[in-house]
Structures are given as C-alpha cells and as structure tokens.
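The block underneath contains the structure these notes are about, expressed in structure tokens.
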Amino acid sequence: MDGTAKKRVGNKLERNDRLVRLALLVIAFSAVSVLVVITVFIVGQGTPIMFRYGLKSFLAGTSWYPSEKLFGLWPMIVGSLFVTAGALVIGVPFGLSCAIVLTEFASKRVRGIIKPIIELLAGIPSVVYGFMGVIILVPFIRKTFGGPGLSVLAASIILGIMILPTIISISVDSLQAVPPSYREGSIALGATRWQTVKMVLFPAARSGIIASIILGMGRAVGETMATIMIAGNAAEVPHSLLAPVRTLTSNVALEMSYATGEHREALFATGVVLFVIIMVLNTIANATSAKRRKQP
Amino acid sequence: MKRLGPRIEEKAARIGLLAMTLITVSVLLFIILFILRRGLPVLNLEFLTANPTDMGKSGGIFSTVVGTVALTLLAIVIAAPLGVGTAIYLTEYTWGGPVTRIIRFGAECLAGIPSIIFGLFGFILFVTKLKFGWSILSGGLTLAFMLLPTIIRTSEEAIKSVPPAYRNVSFSLGSTKWQTVTRVVLPSALPGIITGVVLSIGRSIGETAATIFTAGSALRMPTSLFSSTRTMSVHFYILAREGISMPNAYGTAAILIIAILAINLLTYYLMNRFIKKYS
Amino acid sequence: MTNDTAIEVRGFSQYFGEVRKLKALDLDVKRNEILGIIGPARSGKSTFLCALNRLNDLVRGSHHEGTIRIDGCDIYDPGVDVVALRRQLGMVFATPVPLPRSIFENVAFGARREGIRGRTRLDGIVRDSLEKGGLWEEVKDRLETSGLKLSGGQQQRLCLARILAVAPEYILLDEPTSGLDPISTMKIEESLRRLKKEYTIVLVTNNTKQAARVADRTAFFLNGELVEIGMTAKIFTAPDDTRTDDYLRGRFG
Ligand SMILES: Nc1ncnc2c1ncn2[C@@H]1O[C@H](COP(=O)(O)OP(=O)(O)OP(=O)(O)O)[C@@H](O)[C@H]1O
Ligand SMILES: [Mg+2]
C-alpha cells in the first residue's frame, strides 16, 4: 500500500464525513427548534394578558365577552373537558374492542380487511367528520332527545370516532408486543381466549394501552374543525349533555379571523391553556410508554 | 355449570367484541359511501377544471385544487429533507445520549400539538411578523412544521428496518459512512420513506385549522407564493358551514375522500413492496 | 519482518467494553497463502477478521492493544485511512448478503461508488470479477436479475466477486460455506485455490475438514487465544498442544 497517497485521500474523505455529520446534526435540531419557536411565540403572545387581568379571573372567570373586556375561559375549559371525557366514553370501548379483535380473534384474512379500513378512518379530513355530524347526528339528536342538537353529546360521539385510529393503532402495537410465551402459557393452562386477554394480555400491555388513551385524549382536546361544526359553540358552562358547548380550540378558531388588540391576545392566551394541557398529556403518555419500554 | 361459565363468557365476549368492531367498520363505510353517493353525481371534468364563481355557489373547484397542490408540495419540499435528515442522524450518526433524547422528545411533542396551535403560530410568525400575509408561503411553512414529526418517525422506522448486514457489507467494501447511507441505506429504505411522505400528503390535504389562518381563503387562482389561496378542505368547510351550495360541498368532499382512498391504496402498495423485499 | 510476511500481528488484544475477546495474539500471514483459522464457536475467529479490516471500530465501546501491520504499515495508526484499508481487505461474511439489486449492480457497487460510469468499463469489471469468483458461466445471461434470486452458493460467490471488483490484495472469509451444500462448498473451495495465486487469503471455518483441504497453514483459536499455528498437515496429524488434538477429535466445540 502506498502510505502517503492513502493518507491524503483519507483526510479529505474524513473531513467530508465530519461536515456531513455536522450538517445532519443541525437538521436534526429542526424539530426541537420548531417546538421551541412555537412555544416562545404562543406563550409570548398569550401570557401578558393573563397576568394583566389576573390568572384567576382568566382561568376561573365564567363570562367571555371580548367586547366588554371580559375574558373568562372557564366555560371553554369545562367544555373541552366534557367533550373529551365524552369522546373517551365512546372511543375507548370501541377502540379497545377493535384492537383485541385485530390482535387476538380475527383470522389473517379478516384482519387484512379491517386494518386498512381503520387506517382510512385516520385519513378522513376532520371537516368531513364534522359535516357528517351536522347532516346526520345533530338532526337525529334534536328529534330524539330535543334541544338544539348541536351539543356535548354530538361532539362527544364524533370525537369518539375520530380518536379511534389513535387508540387502536397504539393498543394493537402494545398487545402485539406481549411475548407469545405469555399467551401460550395461559392457553396451555386451559384458559379460554377471552380469559387470556382479560387476565394476561391486558395487564401485560397496560402501560401501552394507557398511553394510547392519553394520546387519544390529546387528539380530542386538540380537534378544532369538527368541534366547531357540531358543538354549538355557546360560551357557557353546559348544564346537560344536550346543551351546546364551546371548546378551547373552537374559541380560538371562531374569533381569530376578526379579533384585534386585547381580544386577539386573549385568544393566544386560550392557545396557551390548550398548549399546556397538551404538553402535560404528551409528557404523561411519553412517561408511560417509556416505562413500558424499560420493562423487558 | 362450573365448566359452562367460562365458555359462555368466552362466547359473550367474542360476540360483544366482534359487534363493536363491526359497528366501527360500518360507521366508516357509511361515511365514505354517504359522501360518495351524494358527491359522485356532481363530479365531472368541468367541476375539476373550472374555477369557482359566485363564492363557490356555481362553477368548479379548480383554484382550490391548485391551492391544495401548491401548499402540499411546498410543505413536503421543506419537511421531507428535514425529516429524512433527522431520521438519518438519529439512526446512523449517533448512539443515543442526551442530544438524541432531546431531539426525540422534541419530535414526539411536536407530533402531539394540535393543528390549531400550528395555525395560531403560523399566523403570528409568518402572516404578521414576517409579513408574508395570508399566502401559500405562510401556509406551506406552517404545514411543513406540522408534517415534520410524521416524516421523522416513518423515515426512522424505514431506516431501522434495513438489515444491519447491508451496512457491514458496504463498510467492508471500503465505503465511507455517507456513501453507505446514500448508496445502501437510503435506497433500501426508500419505499418506507415514501410511504411516510405519502401519508403526510394525505394529512396536509385534509388539514383545515392550520391552513385557514395562514393561507387564507381567497378563491382567486393563486399566481405566486405570496398569493392567498383556499384549500379544498377549507372550501368544503366554507361551502357546508355557510350553506352556500350543498351539491358543490358534496362534490368537494367526494374529491377529498377519493384522494384519501388513493393515498391509502398507494401506501399499502408501497408497504407491501417494502415488506416483500426483506422477507 | 521477512518479505513474504504480509500481515504481522503482535500482542493484539480486542476489547468490547471491558471484556477482552482476543487475547494477545501473535501470528503472521504469509503472502499468497491461505491461512485457515479453526476453533469452536465464540472463540474469536470473526472478531479477528474484523480486527484486520477494522470493522470492529463500528462497535460502540470497542478498543484494542498491540499492533497489526499490513505490508509493514500499522493499520491502527491514527493517520491511516480506514476506508482505503478496507478496500485492500475484502471480506465475505458467513451468511451471503447480496444487496437488494441486480447481479450486475451488486458487482459494480465499488466501481460505481468510485464514479466509474462508462458502460464498457463497468461491463469489463463485472465480467472479470464474476469470472474470478467462478460465477460468470452461471449468470452471464441474467445479469439484470436480482441478486436475491440466486441460490445460497451462488450468492456467496456473488459476494466474492463483489469484493474482487474493488481490487483488494487480501480476502477475508468468515465461514463462507457454513450454510451451503457440498457441491457449492466445493465450487467455492476451487475458486479459493485459484485466487491464492493473486491474493493472500484468511479463511475462518468451523469445518475442520475444509481447513485440511484448502489451507496451507492453519491456526487454532480457543477462547480468544491462539493455541497454535503451523503447517496444516502438521496441525492435523501431530499438533503440539493437546487442546488442538482434543478439538480435532471432536472432544469439545
Ligand atoms: N460486537 C460485539 N460486541 C460485543 N461482543 C462481541 C461482539 N462481537 C463478538 N463479540 C463476542 O466476542 C466473542 C467472540 O466472538 P466471535 O464472533 O469472534 O466468535 P467466532 O469464533 O467467530 O464464533 P462463531 O463460530 O460462532 O462465529 C463472543 O463471546 C462474542 O459474544
Ligand atoms: Mg464467527
């Protein structure tokens, strides 16, 4: 080997590789930078007004009349909470059922049909879901139960459907991650399929399933267009399932196009509250799935 | 009786679970068929190629198709290199440690942020602070940020599933790291990466909250990156919500559904090819 | 160092983390010989090959002691270009790893990477290498089919040809016939005997008979140590160390 020639080529290649590495590192920080910039902008735009009017009056105030400088977010916080809880009541049982059927009961062929259909569910635009709510669900609720139809109930059902893909895909992943030996052991002991699911698989996949529910919650809290279309948007604390309701997201989306001055700031403050809720949910979901990864 | 108990429970559970699954599947099929049944009769070449007139009450949806394509294209052109680059860094150039954890955490958090927050952010940064106005540029940048985590995650998975033996072969033949990445790893991971990109295209076509506040809702044909435009989803939303024209709303929705169906089929095809290649 | 010594290993130890997997090896590889390396599983045979082309560098937390000189040049010297080194030492792995592309593109991998474009030049390189690897006659009519479609033995010869296309001086083979039928094994052994004239070959094998058939000299590894090295005939008939004898008689490993 010709040592000197070798070294020259080598140094050039090595330098190139180091440059590439540096460039990739910079690129790799893009997601983090975007997160930081978003946080800075939303928080920077939204927090001053919160402190000007007092955190308590902002979060616990029950009147939202921007024209009279009344910025109480309580009805929207409660609204988001109700609608999300409702979505979970609908979405969790259906989602987990689908996940169990997909992993434990369905034949390969049936799975091949159901899985793509459920993945389609994730691709349908939220405006289409909202529209279906308006056209079918809202009139149905109005006729059957009375009230305006645009309601907590309608929003819960539609959001419940919308969070299904999240719940299903993550639960399926965590059910599939349970070692086959657990399943075989349980069956060998004479347990039925369902008993195996109930006593062995569910406990083993628990943290993943919880993470799926929390992430589904995040989706429900964050959904905007469908909620605007079917929830009724009254900025009042709802007193029944059939009452109209406004969520934090709707509050922003409804008024953003014309808000100015303090009103706009208050909408950003709404965004801050939403942002905090989402970050808390994300962190919990991350922590639970990290715990799952650590358990061998 | 003791022996019958679990068996009855098993049967009940099976029936219950299957029923719930069937309901889920039928709801979805119902939505798709409902939209298609009302939307397909409206569809024809003219609907696609004519510009909307009278606020969308009549005419077609051509300018919104152009707007959607432009916005999506811009978003992908920005997000794909960043996302794939990040995935390459995470899988090939680092062995874990705090920096990697920060990058992963950032991507995961970003994935959970609702689109309305992206909309707010894009509005304040691109539309007002940077004075891009409601424009394809503002909307495309905002969408790009939103798609970034999806592209990172799918690319990372695709790259990770390339057999390590391929890398050893490439290194042992005297390739540098970068040559190994570009000549062996990326070509093998390409179908998986494209699948992620295609999924992101689907997401950006269906997105409304993030685009309405950044790209605006102008019905005019966009002429530059700084033109405001209305995407098909936004157009559908406005048509339906303000009751401007139900037939046109259904027509637009049908196009959206068809696009999503096509995209899902395409991802299925790509994924199958990807899986076949390595089994 | 005499002129016919190609590789000189002195006091070489390889660590993965804190564990020493090669223990102070001393051995020489002579030019244009086939050195066979035998030994039970996990005795460090593959690790030794990967020390020669510095593939162990890719393992996190790996480090070494001692020196390896190839053609008189210390390959672990900080100034050494690892990439050029690896081009000098082609390696065939235990399981054949054709890249998921055509036979032609597999063999042309190195040439394309070096920016060689001209079709005639590429054709020439591919043909020469396949001929040397003993695969040309079998695949000359279907160079465009996927390398994955070949049989195991053909895939392994494809990997050999892919290395030869990079024009190395050394060939390292890690149990190249472990998964193959006797006929494929024979074909590879034939190729090796031919290649010996031009290359220096280190052949790791868990099939002692193979070493007896093709190796000029044989080294016996046990638990990361070199137990003994010598002419193949001597190792197989009158080894100095009883452990070698035990291994060859199938008492362990
Ligand atoms: N990358 C690595 N990281 C940590 N330990 C390793 C690594 N590669 C090999 N080892 C360890 O080094 C020892 C020797 O392994 P090596 O693969 O060299 O044995 P071998 O003689 O080739 O065995 P076999 O006949 O099974 O191929 C083993 O204990 C193995 O676990
Ligand atoms: Mg080995």
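The values are calculated or read from the model by the stated rules, or taken from the named source; none is laboratory data. Everything numeric in this text was worked out from a predicted model, so none of it was measured. Cβ sites come from the backbone with ideal geometry, for glycine too, and all protein chains shown count toward neighbours. Just the protein is used for accessible areas: all its heavy atoms, side chains included, with ligands, DNA and RNA removed. Shrake-Rupley method; radii C 1.70, N 1.55, O 1.52, S 1.80 Å.
Annotations for the structure displayed:
- Chain B: radius of gyration over Cα atoms, expressed as a fraction of 2.2 N^0.38 Å: 1.23
- When Rg and Dmax are taken over the Cα atoms of the stretch C:5-248, they come to 18.0, 57 Å.
- Between C:ALA238 and C:ARG121, full extension at 0.36 nm per residue minus the direct alpha carbon distance yields a gain of 37.1 nm.
- Among the residues of C:12-23, the average count of other protein chain beta-carbon atoms within 10 Å of the residue beta-carbon is 0.
- With a 10 Å cut-off around each Cβ of A:131-137, the average count of Cβ atoms from other chains is 4.
- Trypsin sites (Lys or Arg not before Pro) within the stretch C:97-140, DSSP loop, no more than 15 other Cβ atoms inside 10 Å: C:ARG117, C:LYS140
- With R₀ fixed at 51 Å, the C-beta to C-beta distance from C:ARG142 to C:GLU65 puts the FRET efficiency at about 0.55.
- Per residue convex hull volume, Cα atoms of the stretch C:129-199, in Å³: 85 Å³
- Loop trypsin sites (Lys or Arg not before Pro), the stretch B:3-53 (other Cβ atoms within 10 Å of the site Cβ: 16 or fewer; DSSP): B:ARG3
- When only alpha carbons are used to place a centre, the stretch C:24-38 and the stretch C:211-253 end up 13 Å from one another.
- Rh (Kirkwood; distinct C-alpha pairs) - the stretch A:75-200, Å: 16.5 Å
- Close amide-amide hydrogen proximity is noted between C:PHE221 and C:ILE38, C:GLY39, C:VAL227, each under 5 Å apart and 5 or more residues distant or on a separate chain (H modeled in the peptide plane; Pro and chain starts excluded).
- Across the alpha-carbon set of the stretch C:1-149, the Rg to Rh ratio works out to 1.02, Rh being the Kirkwood radius.
- The protein assembly as shown - convex hull of the alpha-carbon atoms, volume per residue in Å³: 215 Å³
- Inter-chain shielding of B:19-30 (mean C-beta neighbours from other protein chains, 10 Å cut-off): 6
- Dipole magnitude for chain B: computed about the Cα centre from +1 point charges on Lys and Arg Cβ and -1 point charges on Asp and Glu Cβ, it is near 720 debye.
- Rounded to 0.05, the FRET efficiency of the B:ARG37 and A:VAL237 pair, given R0 = 41 Å and the Cβ-Cβ distance, is 0.55.
- With Cα atoms, 0 to 90° folded angle of helix C:152-164 axis to chain C main axis: 90 degrees
- Fully extending the segment from A:LYS69 to A:LEU25 would add 11.2 nm, taking 0.36 nm per residue of separation and subtracting the current Cα-Cα distance.
- Counting charges near C:GLY115 (Lys, Arg +1; Asp, Glu -1) among other residues having Cβ under 13 Å from its Cβ returns a value of +4.
- Accessible surface, 1.4 Å probe, highest first, among residues B:LEU261, C:LEU135: B:LEU261, C:LEU135
- In Hz, Karplus ³J(HN,Hα) per residue of the stretch B:215-225 (6.51, -1.76, 1.60; θ = phi - 60°; x = Gly, Pro): 9, x, 9, 5, 8, 4, 5, x, 10, 8, 4
- Each part gets one Cα centre, and for the stretch B:207-271 versus the stretch A:143-208 those centres are 33 Å apart.
- Value at 222 nm in deg cm²/dmol, rounded to 500, when DSSP H runs of n ≥ 4 in chain C each add -39,500 (n - 2.57): -9500 deg cm²/dmol
- In order along the stretch B:66-79, the phi-based Karplus estimate (6.51 cos²θ - 1.76 cosθ + 1.60, θ = phi - 60°) of 3J(HN,Hα) comes to 4, x, 4, 4, 4, 4, 5, 4, 4, 4, 5, 4, 7, 6 Hz; Gly and Pro are listed as x.
- Angle in degrees between helix C:182-195 and the longest Cα principal axis of chain C, rounded to the nearest 10: 90 degrees
- Here is the tail figure for the stretch B:33-109: Cα pairs spaced more than 18 Å apart come to 64 percent of all pairs.
- Cβ-Cβ FRET estimate between A:GLU119 and A:GLU262, R0 fixed at 45 Å, reported to 0.05: 0.55
- Nearest 10 degrees, 0 to 90: helix C:119-132 Cα axis against chain C principal axis: 40 degrees
- Nonlocal amide H pairs with A:TRP64, under 5 Å, H built at 1.01 Å: A:GLY72
- Projected label distance in nm at B:ALA262 and C:TYR15, using a 7 Å step from Cα toward the beta-carbon: 6.1 nm
- Square roots of five times the Cα gyration tensor eigenvalues for chain A, Å: 40, 34, 17
- Per DSSP, loop chymotrypsin sites (Phe, Trp or Tyr not before Pro) in the stretch B:221-279 with at most 15 further Cβ within 10 Å: B:PHE226, B:TYR278
- Spin-label model, B:GLU46/A:LYS143: points 7 Å from Cα along the beta carbon direction are separated by 3.4 nm.
- Over the stretch A:52-294, Cα pairs under 8 Å with separation of 6+ residues give a relative contact order of 27 percent.
- Computed from backbone phi with θ = phi - 60° and the Karplus coefficients 6.51, -1.76 and 1.60, the 3J(HN,Hα) list for the stretch C:228-245 is 7, 9, x, 4, 4, 4, 5, 4, 7, 9, 9, x, 6, 9, 5, 5, 4, 4 Hz; x is used for glycine and proline.
- Only helices reaching 20 angstrom along their own axis (Cα) with mean Kyte-Doolittle hydropathy no lower than -1.0 count here, and for the DSSP H runs of chain A these are A:3-28, A:30-53, A:74-100, A:108-123, A:206-222, A:261-294.
- Based on DSSP H segments of at least four residues, each scored -39500 (n - 2.57), chain B has a per-residue ellipticity at 222 nm of -24000 deg cm²/dmol.
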